[in-house]
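Structure first, then comments.
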Amino acid sequence: MAIQAVSGERTRKRSRRRHRHPWLRRAARFLIFLAAIVLFSIVVFRFVNPPITPVMLVEKLKGNTLRRDWVPLEDISPQLPLAVIASEDGRFCVHWGVDWGAVRDAVKEGGGLGAFRGASTIPMQTAKNLYLWNGRSYVRKALEMPLAYVMSFIWPKQRMIEVYLNVAQFGPGIFGAEAASRYYFHKPAADLTRHEAVLLAVALPNPRWRNPAKPSRHMLLVARAVERRMPVIGQRAGCVLPQR
């Protein structure tokens, strides 16, 4: 009888624990379901172009007209992916989503963890554009990293840069290299010069305020620095550009 009483008490305690926080189980199930949906979409986007992104939806809700025109990587001037790698992610071809060397350098130079916000790689920015939101947030950064690793594992480098150049925001309501090239320089992305490509690349960190067609003095200084790095970066960009 004593054993049965102890067993019954344990059963009642387990039952009470299960019913005490049912929302935890529901939240866990929801997160697992959401993770499965995201993983499935990453696999799909390896072959299918993403139809729209959360950032685009926000722009639409603000009343901005969306300008976007998806083009394959071969229809984009090779100067643009090279300029973007030189500007945004110099070790793009050798890391697997997160460049921890750049993170350490950013923290060291910035004197604190806040500098980590500036160490985004192209996969991290692609993850942000496809699944997350704009703005500075440690929560967003924490979500970007696992997404960047998964995407880098599933997608080849050429697909990563192709998606990034087609979903990145280049101005209010302007998404993708083709729309940006036609809006700012009145030509298709395939015809961009090196200087034009660099101006588009340096607009990416702040596309709402940097105008590639009317660059500020500061923007021109940054563009010249990026352009000087491009010959060296070109030697490391074999994962995206054919080596000559």
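Descriptive notes on the structure:
- Each distinct pair of alpha carbons in region 201-244 adds a 1/r term; the inverse of their mean, the Kirkwood radius, is 11.8 Å.
- Shape category assigned to region 37-83 from the gyration tensor of Cα positions, a/c cut at 1.5: oblate
- Protection proxy ranking, highest mean first, for peptides 182-190, 55-63: 182-190, 55-63, where packing is the per-residue count of other beta-carbon atoms within 10 Å, averaged.
- Normalising by residue count, region 52-234 has a Cα convex hull of 115 Å³ per residue.
- Region 59-88 residues near the modelled R236 label - backbone nitrogen below 13 Å, point 7 Å along Cα→Cβ: 85-88
- Overall dimensions of region 125-227 by Cα: Rg and Dmax, Å: 14.4, 40
We did not get these values from a lab; they are worked out from the coordinates using the rules stated. Everything quoted here is computed from the prediction, not taken from an experiment. Note that we place each Cβ from the backbone using ideal geometry, even for glycine, and neighbour counts take in every protein chain shown.
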